[in-house]
1. When the residues of region 199-255 are filtered to those that are in a helix (DSSP H, G or I), out of contact with any strand residue (DSSP E or B) (no Cβ under 7 Å at 6 or more places or on another chain) and among the polar types (S, T, N, Q), which remaining residue is nearest to VAL300 (Cα to Cα)?
2. Taking the condition of a type in the set (A, V, I, L, M), touching a residue at least 24 places away in the same chain (Cβ under 8 Å) and not in a helix (DSSP H, G or I), does LEU182 pass?
3. All but one of (1) out of contact with any Gly (no Cβ under 8 Å at 6 or more places or on another chain); (2) over 30 Å from ARG420 (Cβ atoms); (3) surrounded by fewer than 17 Cβ atoms within 10 Å (Cβ to Cβ) hold for ALA301, so report the exception by its number.
4. Identify, please: which residue in region 207-230 is buried (at least 21 other Cβ atoms within 10 Å of the Cβ) and β-branched (Val, Ile, Thr) and is, among those, nearest to LEU251 (Cα to Cα)?
5. Would you check which residues across region 87-103 are in a loop (DSSP other than H, G, I, E, B) and either closer than 21 Å to PHE371 by Cβ or without any contact (Cβ under 8 Å) to a residue 60 or more places away in the chain (or both) and list them?
6. Output the residue which, of all residues in region 256-282 that are assigned to a loop (DSSP other than H, G, I, E, B) and among the β-branched types (Val, Ile, Thr), is farthest from LEU244 (Cα to Cα).
7. Could you list all residues from region 242-266 that are open to solvent by less than 60 Å² (accessible area, probe 1.4 Å) and either small (Gly, Ala, Ser) or at pLDDT below 95 (or both)?
8. Only residues that are in contact with a helix residue (DSSP H, G or I) (Cβ under 7 Å, 6 or more places away or on another chain) and open to solvent by 10 Å² or more (accessible area, probe 1.4 Å): list them for region 133-166, please.
Amino acid sequence: MGTQQPDERAATRESGEPTGGGTGRRALLGAAVLGAGGAVLGLPGTAGAAEGGAGTGGVGQGGAGQGGAAGSRGAGHRGGGLRSLPVPTVIGHRGASGYRPEHTFGSYDLALDLGAHVVEAGDLVPTRDGHLVCRHEPEIGGTTDVADHPEFAARRTTKTLDGVPTTGWFTEDFTLAELKRLRAVERIPANRPHNTLYNGRWQIPTFEEVLVWQDEQTRRRGRQVWIYPETKHPTYFRALGLGLEERVAKLLRRHGKDGKDAPVILQSFEPTSIQRLNRLVGNPLVVLLSDAGSRPYDFVATGDPRTVADLITPEGLKEIASYAQGIGPTTDLVIPKRPDGDLGRPSTLVRDAHAAGLVLHPYTLRNENPFLPPKFRKGTAPDAYGNSFAVFQEYFATGVDGIFTDNADTALLAREDFLRRRGVNH
């Protein structure tokens, strides 16, 4: 997931240490209570997940309005593609990035250990020699130890990335062999100093390595492992002659994972990237949506005046449904914040998206105080955990189909509480 929310940017300026103890116990409890099987759960107030092949859009099963009743799927129903996922789906954001440096096999493995239904593995950016690797951004100064490699000092530069001057080291200036000499580090050490224990432990994974890992983990765990990769800055890279979509499609075809029932959901903040993927593969597709007033960069590049606010109107959502099966809105589009930063009333986005046949997987919920609305914080320490269980409940109650989270174990326990209170067998 790419664009930072305002609270995430603020949190990276804070310091402190998250109280992440007890992860093993939570992992066992989450996995034991919820399993992570493929049964689709019917939820009051949750519309059925959309499923459709390339070019078909979603096939909705009734809309939900802000937690109101809707046509729900019966517990135990199974189907292909998105319909095989439990609802609400818990998606491990860049793996288990609350506990390990993001986009590493350590983070991905732990997300599965914690019981995540889907792992966001990974944010895809290219190398100079055309390989796809998993990094939060093409600039890797904050997520690797590249600054500690004097042989790469001269490659530090300033580039304009989606209109923003950005200084650092960029994946497109390295061969894959060179990137494999680097090691991953924690991206926000001020908020997650415990994660720095693992700095230097893992290499940068390639997307092809992730596809092999997915099959290995599926066999080892006895359940289908799902991944949720994202094309990062596709307009920027296409201008450099490093188009992402064709590379993604080639690898998916090579590994037999390019169909509508494949356990690989593709996402992007640029609608034209999803449209391009829609012509290349049959996978479930999701359009990511940032703040309402923002414009996708492909729109900026082509002079399209529309903003995200235009895309989330009923008409805009209907258009998205003609080439995608879901949206990944920032959480503020689902429950807007009040001026004091606390949660306001839910918007109509869940109802409107479900009416268009789209699933909603908002991003991103985290446990630490700076990432929570003020009402749910505990104390003032920027690294302390607040009442994130209550925040998950607020979003589940809107009828979203899933949630991206850095803390899958917390999300799964909150999900268990949510389902129990609604009398749903799980």
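The values are calculated or read from the model by the stated rules, or taken from the named source; none is laboratory data. Predicted model only: the values in this text are computed from it and were never measured. Here the Cβ positions follow ideal geometry from the backbone for every residue, glycine too, while neighbour counts run over all protein chains shown. In case anyone asks, the SASA skips ligands and DNA or RNA and just uses the protein heavy atoms, side chains included. Shrake-Rupley method; radii C 1.70, N 1.55, O 1.52, S 1.80 Å.
1. Selected residue: THR235.
2. On the way: of a type in the set (A, V, I, L, M): yes; touching a residue at least 24 places away in the same chain (Cβ under 8 Å): yes; not in a helix (DSSP H, G or I): yes.
In short, yes.
3. That leaves (3) as the condition not met.
4. VAL210
5. Quick first cut of region 87-103, residues in a loop (DSSP other than H, G, I, E, B) only: 87-88, 93-103.
Once the filter is applied, which keeps residues that are in a loop (DSSP other than H, G, I, E, B) and either closer than 21 Å to PHE371 by Cβ or without any contact (Cβ under 8 Å) to a residue 60 or more places away in the chain (or both), region 87-103 yields PRO88, HIS93, ARG94, GLY95, ALA96, SER97, GLY98, TYR99, ARG100, PRO101, GLU102, HIS103.
6. Going residue by residue through region 256-282, those that are assigned to a loop (DSSP other than H, G, I, E, B) are 256-263, 265, 269-270, 281-282.
With among the β-branched types (Val, Ile, Thr) added as a condition, the list becomes 265, 281.
Details: ILE265: 15, VAL281: 13 Å.
Step by step, filter region 256-282, then rank; the result is ILE265.
7. GLY243, ALA249, GLY259, ALA262
8. Taking region 133-166 first, the residues in contact with a helix residue (DSSP H, G or I) (Cβ under 7 Å, 6 or more places away or on another chain) are 133-135, 138, 140-141, 146, 152, 155, 161-163.
Scanning region 133-166 gives GLY141, ARG155, LEU161, ASP162, GLY163.
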